[in-house]
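Notes follow the structure.
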Amino acid sequence: MLHYDICILGAGPGGATAALHLARAGHGCLLLDKAAFPRDKVCGDALSGKVLSELKRIDESLPPRLAANPAQVPSWGIDFFAPNGQRLAIPFKPKYDKAQDRAAGHVAKRLDFDNLLVEEVRRRPEIAFRENVDVARTERTDNGWTLFDKNDQQIASCRLLLVANGAQSEFARKVAGHALEPDHHCAGLRAYYRGVTGLSADNFIELHFIKEFLPGYLWVFPLPNGEANVGVGMLSSVISKKKINLRQRLTEILDTHPALQARFAGAERLGPVRGWGLPLGSKRRPLSGENYLLLGDAGSLIDPFSGEGISHAMVSGRHAADWAAQAVAKANYSPAFLQNYDKAVYNRLGQELRLSRMMQRLLGFPGLFNFIANRATNNPTLAETLSMMFLDLNLRERLRQPGFYFRLLFGG
């Protein structure tokens with residue numbers, strides 16, 4: 001059996017990012033994934049400016065390589081549609097030139113984006129990367145963790161376990177105690193379509209907050225080759241309380257809603273409608289314990305308003321690599337020491353998650369949501385704030401300034 005100081009479960013954006021930062025710092029690790037790449041992942045497929053910033057931290061060549069990939073489209077902004085139909089167009093940059101500027105966002109299928117990171121992983125000799133390895137059980141030992149397959153055969157052991165195996169992580173539930181809480185969990189559906197009309201020429205992603213579907217939302221994200229990622233999301237507690245059939249509601253909205261009916265009349269659905277769960281970062285949860293760290297979706301770090309999880313997974317991966325390396329150097333894997341990882345992640349994401357939680361709650365008050373959307377058309381501060389939620393501009397510093405909230409509510 002192989003022994004490593006650091007083992008990472010899951011080679012998605014969080015796990016791959018952690019492995020790559022460790023490799024850049026000269027640290028080896030074992031990276032395991034139950035799938036073989038490239039593999040699909042159910043997701044909205046939008047890559048925000050925060051994703052590009054994290055890619056650049058890994059290697060400055062990665063953002064331009066993504067931009068040159070024919071499997072993506074550059075996105076120049078967001079179209080918010082309020083319950084009253086008010087369209088709020090927010091470019092990522094106030095003034096942009098598509099011929100000269102680098103796009104601040106992209107849309108790419110997870111099949112392609114995750115593989116971009118995995119291909120970078122394959123280039124690093126410091127990373128022992130093993131695919132098609134399903135870790136069925138973990139066992140705590142005096143020296144860390146031992147990993148077992150479904151036949152109860154030992155796979156490897158490690159001092160520190162970085163758990164990045166997604167929203168359905170058994171480790172997060174059974175060991176870290178991240179119980180599924182319907183008020184902090186979202187159900188999502190996604191389907192691919194071809195032939196949707198009315199898509200933005202500048203590939204603005206669309207978020208529709210439809211009155212009859214609140215507090216849920218619907219998205220339409222453009223993809224290459226005339227395709228689009230179309231889906232819906234809603235809090236699990238609301239689905240249960242109102243006994244909502246999400247698949248049925250998605251079909252009904254696309255078939256009957258005045259703003260969407262004509263656009264989807266001639267569209268062709270490509271493949272099945274697929275669903276997944278999103279553990280939201282609307283509640284602060286512990287991200288570490290004895291000899292382990294939780295990353296990305298396994299740590300319940302998904303944005304509660306936008307549903308974005310990729311950049312948050314990458315942020316947690318970067319900080320996990322930092323504190324994992326420090327733990328190895330100090331031979332200190334205690335919960336008290338590893339809580340520094342929690343502090344680092346929430347220092348970076350905490351205030352944004354709180355703002356998103358506030359925005360999520362607004363979905364329960366259509367009139368107030370309409371008011372804010374109407375105000376945003378003439379309120380640069382509010383419009384910019386919505387845009388900054390998808391970029392890596394220093395929103396955190398803005399949120400610390402008392403005058404910011406006055407301008408947010410009353411203009412300026």
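Residue-by-condition table, conditions (1) of a type in the set (S, T, N, Q); (2) within 28 Å of the chain's Cα centre (by Cα); (3) part of a loop (DSSP other than H, G, I, E, B); (4) under 18 Å from Lys34 (Cα atoms):
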| position | (1), (2), (3), (4) |
| --- | --- |
| Thr146 | yes, no, no, yes |
| Lys150 | no, no, yes, yes |
| Ala156 | no, no, no, yes |
| Leu160 | no, yes, no, no |
| Gly166 | no, yes, yes, yes |
| Arg173 | no, yes, no, no |
| His178 | no, yes, yes, no |
| Asp183 | no, yes, no, no |
Original post:
In the range 273-290, is there at least one residue being buried (at least 22 other Cβ atoms within 10 Å of the Cβ), in contact with a Ser or Thr (Cβ under 7 Å, 6 or more places away or on another chain) and outside any strand (DSSP E or B)?
Top reply: yes
**OP:** Specify which of the listed residues (Pro63, Pro70) is over 25 Å from Leu161 (Cα atoms), of a type outside the set (A, V, I, L, M, F, W, C), modelled with pLDDT of 95 or more and in a helix (DSSP H, G or I).
**Re:** Pro63
Original post:
Looking at Asn203, is it in contact with a Pro (Cβ under 6 Å, 6 or more places away or on another chain), modelled with pLDDT of 95 or more and surrounded by 14 or more Cβ atoms within 10 Å (Cβ to Cβ)?
Top reply: yes
Subject >> Filtered residues of the range 83-105 (kept if crowded, with 22+ Cβ neighbours inside 10 Å, closer than 27 Å to Phe213 by Cβ and at pLDDT 85 or above) >> reply: Gly105
Subject >> Subset tally (residues that are under 14 Å from the mean Cα position of the chain (by Cα) and not basic (Lys, Arg)) for the range 17-52 >> reply: 11
**OP:** Could you please find all residues in the range 211-236 being exposed (fewer than 15 other Cβ atoms within 10 Å of the Cβ) and touching a strand residue (DSSP E or B) at 6+ places or on another chain (Cβ under 8 Å)?
**Re:** Asn225, Gly226
Subject >> the range 151-162 residues that are more than 25 Å from Ala321 (Cβ to Cβ) and touching a residue at least 60 places away in the same chain (Cβ under 8 Å), paired with ones that are of a type outside the set (D, E, K, R) and in a strand (DSSP E or B) (beta carbon under 9 Å, 6 or more apart) >> reply: Gln154/Thr146; Gln154/Leu147; Gln154/Phe148
Original post:
Pairs, please: C-beta under 7 Å, at least 6 apart or cross-chain, first residue hydroxyl-bearing (Ser, Thr, Tyr) and in the range 368-389, second modelled with pLDDT of 70 or more and surrounded by fewer than 20 Cβ atoms within 10 Å (Cβ to Cβ)?
Top reply: Thr377/Leu88
Original post:
Could you list, in sequence order, the residues of the range 328-357 that are farther than 23 Å from Phe305 by Cβ, among the hydroxyl-bearing types (Ser, Thr, Tyr) and either within 18 Å of the chain's Cα centre (by Cα) or part of a helix (DSSP H, G or I) (or both)?
Top reply: Tyr341
Original post:
Looking at the range 137-154, is at least one residue of a type in the set (A, V, I, L, M), farther than 24 Å from Ala68 by Cα and surrounded by fewer than 19 Cβ atoms within 10 Å (Cβ to Cβ)?
Top reply: no
Original post:
Tell me, which residue of the range 206-246 that is at pLDDT below 95 and assigned to a loop (DSSP other than H, G, I, E, B) is farthest from Ala259 (Cα to Cα)?
Top reply: Pro215
**OP:** Hey, can you tell me all the residues within the range 110-124 that are outside any helix (DSSP H, G or I) and either free of Cβ contacts under 8 Å to residues at least 24 places away in the same chain or closer than 11 Å to Arg39 by Cα (or both)?
**Re:** Arg123
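The values are calculated or read from the model by the stated rules, or taken from the named source; none is laboratory data. Just so you know, these numbers come straight off a predicted model, no measurement behind them. All Cβ positions, even for glycine, are placed from backbone atoms using ideal geometry, and neighbour counts span all protein chains on display.
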